[in-house]
Structure formats: structure tokens, C-alpha cells
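Presented below is the structure to which this report refers.
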Amino acid sequence: MAATSRLPVLLAQWHQALLALAARRRMRLPYAAAAHMLGVLAGLLSAGAARAVELPEDRADVMYHYYDGGGTKASGPAVLVRKSLADKVSLSGSYYLDMVSNASIDVVTTASPYKETRREEVLGLDYVYRDAAITVSASNSSEPDYTAKSAGIDVSQEVFGGLTTVSLGYTRAWDKVGQKGIGFFDAAKHWRYRLGATQILTPRILMSANFEAVSDDGFLGSPYRVARVFGAAVPERNPRTRTSRSLMLRVIGDLGSRDALRAEYRYFWDTWDIRSSTVEFGYSRYFGDLWLGDAYLRYYKQAHALFYSDNAQAETLYISRNRQLSSFKSYGLGTRVAYSAKRVPGKYEIKLNGALERARFTFSDFTDLRDGSKYSYDATIVQVFVSATF
Amino acid sequence: MNAPRATVCPRSACVLAAALALVGLLAGCSIAPWVKPYERERLADPIMKFSRDALSDKHFEHVREVREGARGATGVQGGGCGCN
């Protein structure tokens with residue numbers, strides 16, 4: 001960093017010295033040409049250094065999260081700490097705990113309610129050089145009957161004078177699948193490839209396009225879940241491979257009164273023949289100097305997997321009655337509030353945050369076996385967290 | 001029996017040719033940034049970020065990934081399974 005920032009200054013000094021020499025000795029051409037070349041090089045280098053991408057802000061977050069919907073409750077704490085070193089590298093670490101109490105419709109109609117805990121640790125390192133940023137990360141998630149490890153790298157580069165940021169990413173993940181009473185009996189591998197671009201359109205409008213392809217290989221279902229064939233319960237049978245693709249477009253615009261509006265659309269398709277669309281609209285606004293509020297509306301719709309059936313009327317190689325693979329819609333209405341509790345400009349800021357979302361899931365081909373009606377449920381998602389930037 | 005005729009312009013070759021032409025065109029142009037750095041003050045405001053709080057986004061992403069068939073392209077990784 002120091003050597004890079006001194007170089008333009010050194011070149012500028014040589015530029016001045018050569019110009020002076022050219023003026024004194026009347027040998028204008030070679031000295032002047034060399035002086036101008038050095039001047040241009042110094043300008044380019046200093047411009048390049050000044051336009052450097054910034055490291056993420058140092059911050060610490062402590063959160064309590066809660067989910068309640070369809071008989072499942074999951075809650076717990078989460079912590080994230082991020083700190084930069086020598087203005088070149090930023091290290092981050094997070095810990096996430098999910099305490100799950102499951103009495104979902106699958107469980108109450110075919111098994112017994114249960115409780116379990118999932119722990120997840122993530123370590124990350126961000127490095128910036130000029131207009132590029134590189135992030136490497138690794139994660140480890142464990143619960144009694146499932147473990148997941150992953151490693152990933154993301155690279156982003158600003159081009160066209162910082163108007164466009166292009167990004168590439170890759171994540172590889174390894175899971176172990178288990179079952180209570182049996183232990184770990186199978187595995188799954190995942191590959192994720194990301195490509196994205198963020199574009200400044202005007203001084204008030206930003207747009208981004210992101211594409212991600214995910215491939216899976218291994219045991220991709222649940223050993224506890226059952227399907228129905230001719231009304232009888234049979235263990236579900238999923239294909240051992242899956243490849244999906246998603247394309248997401250986002251736009252966000254400053255409305256001019258310390259508020260902003262955003263719109264998002266994602267189209268998803270995969271080799272299991274699931275198709276889905278997600279639409280989200282959000283509005284953010286400052287209230288005074290201390291409050292920031294957000295409200296959003298989210299709509300999600302998907303068409304079922306090829307081998308999904310509520311009650312199959314034929315024997316097939318693959319069969320599943322997993323609600324996640326059925327045809328359903330969901331609507332979500334959410335709000336977030338951030339309050340700046342303490343701010344010392346240039347030093348630190350502490351914010352108190354809250355988020356609440358209410359969502360409704362409506363299934364078109366999943367029957368509630370208790371009363372024969374089409375299944376639907378409401379869910380509540382709550383987050384309360386303190387964030388400090390320093 | 002006649003040998004099958006080669007396709008004149010297979011779809012992938014057309015896409016590749018179009019992409020190369022586009023890259024060539026872009027390389028030939030010098031695109032000047034039409035929004036100058038000093039005009040980007042509003043874009044730097046936190047309300048203009050697609051993702052403001054990583055931990056909060058991670059939780060929402062996880063809740064959705066274990067309930068919906070769709071995944072990916074959100075810029076956030078929900079992590080783990082939690083789906084058994």
C-alpha cells in the first residue's frame with residue numbers, strides 16, 4: 001500500500017524536474033516528452049489508487065431470531081464480528097444457533113414431534129486491491145442428524161470508472177446425512193456458481209442482475225419423510241442429482257426525500273421441473289436523524305416437481321410428498337426499524353434494530369390429512385438485534 | 001443414404017459469435033462514466049444498498065431456503081440444512 005501510494009508522488013516530482021530541465025537547456029523535445037509521459041503515468045497511478053474499492057465496515061452484531069409457522073418454531077441467538085487489519089484485509093466470524101421444535105403437519109400426521117439444535121460457524125476473509133475485492137469463506141453447520149461444510153470464493157471488480165461492478169463466485173459444499181437410531185448413512189455434495197453485475201444507471205438509480213447455478217449430487221431428501229401411493233405411506237424416493245438456475249434482477253431508486261424504493265424479480269428453474277417466480281417491492285425512509293424504517297411486500301409462487309404427488313395413483317421410480325416441492329404460493333409483508341442509539345462521528349455508532357414479517361403459505365396440491373382440506377398456514381418471523389459499526 | 005447435413009449456424013455458435021462481436025464493439029469504444037464520482041453521494045447512502053445487515057439477511061434466506069423449492073441468486077447464503 002505504502003509503496004503504491006508513494007509511486008505517483010515520486011513520478012510527479014520527476015515530471016516537475018524534467019520540465020524544469022527542458023526549459024533550462026533548450027532541449028525541449030526529449031525532456032518534455034519524457035516529462036509528459038511521466039506526468040500521465042503519475043496521473044493514472046494516483047487515479048487508480050484513489051478509486052480503490054473499500055473494505056467492508058468494521059462491525060459487530062448480536063441478534064435474537066424467531067420463526068413460528070406451520071407447527072415449527074425455531075429461535076436462537078446469532079453473532080457476527082468483522083474487523084479490518086492494515087486497511088487491506090477484513091476478517092469476519094459468525095456464530096448462529098437454531099433451536100428447532102418441530103410439530104409440523106408431516107410430523108403430526110406421520111411421526112412424533114421433536115426438538116433439536118443446529119449450530120453454524122462461518123469464517124471469512126475480505127481482501128481489496130485497487131478496484132477488485134476478493135472474499136474467501138468457510139462454514140460448518142451441524143445438527144444431530146445432518147452436517148454441512150462449505151468453502152467459497154467471490155471476486156468482484158469495478159469497471160467503467162466504477163459505474164459497473166462485475167462479480168464471480170464459487171462455493172463447494174459437503175453434507176453428511178444421518179438418521180436418529182442409525183447414524184450417518186449417506187452424503188451429498190453441492191456446487192454453486194455465481195455471476196453478477198451491478199450498474200449505476202443515474203445519480204439516483206442502481207440496478208443489478210445476478211445468476212446462480214447450483215448442482216447437487218447425493219442423498220437429497222429426508223429419511224423421515226413419507227410419500228403416499230394409493231393412500232399408503234411409503235418412504236420418499238428422490239433423484240440423487242439436481243441442477244437449478246436462478247436469475248434475479250433488482251433495481252433501487254432514491255426518491256429524493258431521504259427515501260428509496262426498490263423492486264426485485266427472480267425466476268428459478270431446475271431439472272426436477274420446479275419453476276418459480278419471486279417478486280418483492282420495498283420502501284425505505286429516514287424519520288429524523290435517528291430512525292430508519294423499511295416496509296416490503298414479497299410474493300412467491302412455484303409449480304411442483306415432476307415426481308411430487310399428494311397421493312400417487314401409479315408406482316414410479318421417484319416419489320415425494322415434500323411440501324417444499326409442491327405447488328404453492330406465499331405472501332409476505334414485512335417491516336424493519338433501525339434506531340441510532342449512540343453516534344460519535346468518525347468513531348462509532350450503535351443501532352438498535354427490529355424486523356417483523358408475517359407470511360401466508362397456501363398449497364394447491366397438498367392435503368391436510370387431518371380434515372381433507374387443502375393445507376395452508378401463517379408464519380411469523382421476528383428479529384431483534386444490536387449492531388455496532390466502528 | 002445421404003450423410004446428415006451440418007447445421008449452418010448452431011444456436012451455441014450464434015450466441016458465442018454475438019458475444020464476441022459485443023466484446024469487440026465494447027473494446028472499440030471508450031466508455032466514459034456518465035455518472036461522475038462526485039454525483040454518487042446519494043448512491044452511497046445505506047438506504048440504497050441491496051443488503052444492509054448481513055446477519056439479518058442470512059436468517060431470512062435460511063427461513064426461505066428450507067421452505068421454498070427455489071434457491072440462489074440473492075447474494076446471500078442461508079447456510080446448513082435444518083430441514084430434516
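The values are calculated or read from the model by the stated rules, or taken from the named source; none is laboratory data. Every value quoted in this text rests on a predicted model; they were computed, and no experiment measured them. Note that each Cβ is placed from the backbone with ideal geometry, even for glycine, and that neighbours are counted across all protein chains shown.
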Inset, instruction - Read through the list (1) at pLDDT 95 or above; (2) on the phi > 0 side of the Ramachandran plot, then give the number of the only condition that B:GLY75 fails. - result: (1)
Legend entry - Residue satisfying condition, being surrounded by 15 or more Cβ atoms within 10 Å (Cβ to Cβ), of a type in the set (A, V, I, L, M) and closer than 22 Å to A:SER137 by Cα, within set A:ALA187, A:ALA260, A:ALA227, A:ALA197: A:ALA197
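Looking at segment A:238-248, can you tell me whether even one residue there is modelled with pLDDT under 95, more than 8 Å from chain B (Cβ to nearest Cβ) and in contact with a strand residue (DSSP E or B) (Cβ under 9 Å, 6 or more places away or on another chain)?
no
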Inset, instruction - Would you please name the residue that is surrounded by the fewest Cβ atoms within 10 Å (Cβ to Cβ), looking only at residues in segment B:61-77 that are more than 7 Å from chain A (Cβ to nearest Cβ) and not in a loop (DSSP other than H, G, I, E, B)? - result: B:GLU61
Legend entry - Unmet requirement for A:LEU163, which otherwise passes all of (1) in contact with a Ser or Thr (Cβ under 7 Å, 6 or more places away or on another chain); (2) facing chain B (nearest Cβ under 9 Å); (3) among the aliphatic types (A, V, I, L, M): (1)
Legend entry - Selected residue (criterion: nearest to the chain's Cα centre (by Cα)) from residues of segment A:274-293 that are surrounded by 15 or more Cβ atoms within 10 Å (Cβ to Cβ) and over 30 Å from A:SER327 (Cα atoms): A:SER284
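Listed here are the residues, each with its yes/no results for (1) touching an Asp or Glu at 6+ places or on another chain (Cβ under 7 Å); (2) over 26 Å from A:ASP310 (Cα atoms); (3) touching a residue at least 60 places away in the same chain (Cβ under 8 Å).
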{"position": "A:PRO203", "(1), (2), (3)": "yes, yes, no"}
{"position": "A:ALA227", "(1), (2), (3)": "yes, no, yes"}
{"position": "A:GLY231", "(1), (2), (3)": "no, no, yes"}
{"position": "A:ASN238", "(1), (2), (3)": "no, no, yes"}
{"position": "A:LEU255", "(1), (2), (3)": "no, yes, no"}
{"position": "A:ARG258", "(1), (2), (3)": "no, yes, no"}
Inset, instruction - Scan (1) more than 9 Å from chain B (Cβ to nearest Cβ); (2) more than 22 Å from the chain's Cα centre (by Cα) for the single condition A:ARG204 breaks and write down its number. - result: (1)
Legend entry - Residue ID - farthest from the chain's Cα centre (by Cα), chosen from residues in segment A:83-120 that are away from chain B (no Cβ under 11 Å), of a type in the set (Ser, Thr, Tyr) and surrounded by 14 or more Cβ atoms within 10 Å (Cβ to Cβ): A:THR110
Legend entry - Residues satisfying the stated conditions in segment A:211-262, i.e. within 29 Å of A:TYR193 (Cβ to Cβ), among the hydrophobic types (A, V, I, L, M, F, W, C) and either not assigned by TED's automatic domain parsing to the domain that holds A:LEU317 or not in a loop (DSSP other than H, G, I, E, B) (or both): A:PHE211, A:ALA213, A:VAL214, A:LEU247, A:MET248, A:LEU249, A:VAL251, A:ILE252
Inset, instruction - Hey, can you tell me all the residues within segment A:154-198 that are modelled with pLDDT of 95 or more, touching a Phe, Trp or Tyr at 6+ places or on another chain (Cβ under 9 Å) and among the polar types (S, T, N, Q)? - result: A:THR171, A:THR198
Inset, instruction - Could you grab the pairs with beta carbons closer than 8 Å, sequence gap of 6+ or different chains, first residue in segment A:286-300 and closer than 18 Å to A:LEU356 by Cβ, second one exposed (fewer than 13 other Cβ atoms within 10 Å of the Cβ) and among the hydrophobic types (A, V, I, L, M, F, W, C)? - result: A:GLY293/A:PHE287
Inset, instruction - Pick out the one residue from A:PHE281, A:PHE307, A:PHE268 that is under 17 Å from B:GLU68 (Cα atoms), modelled with pLDDT of 95 or more and away from chain B (no Cβ under 12 Å). - result: A:PHE307
Legend entry - For A:ASP87: the one exception among (1) farther than 30 Å from A:ILE350 by Cα; (2) modelled with pLDDT under 95; (3) not polar (S, T, N, Q): (1)
Legend entry - Tally, over segment A:137-180, of residues that are part of a strand (DSSP E or B) and either of a type in the set (Phe, Trp, Tyr) or not assigned by TED's automatic domain parsing to the domain that holds A:VAL100 (or both): 3
Legend entry - Index of the failed condition, B:LEU55 passing every other in (1) part of a loop (DSSP other than H, G, I, E, B); (2) modelled with pLDDT of 60 or more: (1)
Legend entry - Failed condition for A:GLN179, given (1) under 27 Å from B:SER51 (Cα atoms); (2) of a type outside the set (D, E, K, R); (3) in contact (Cβ under 8 Å) with a residue 24 or more places away in the chain: (1)
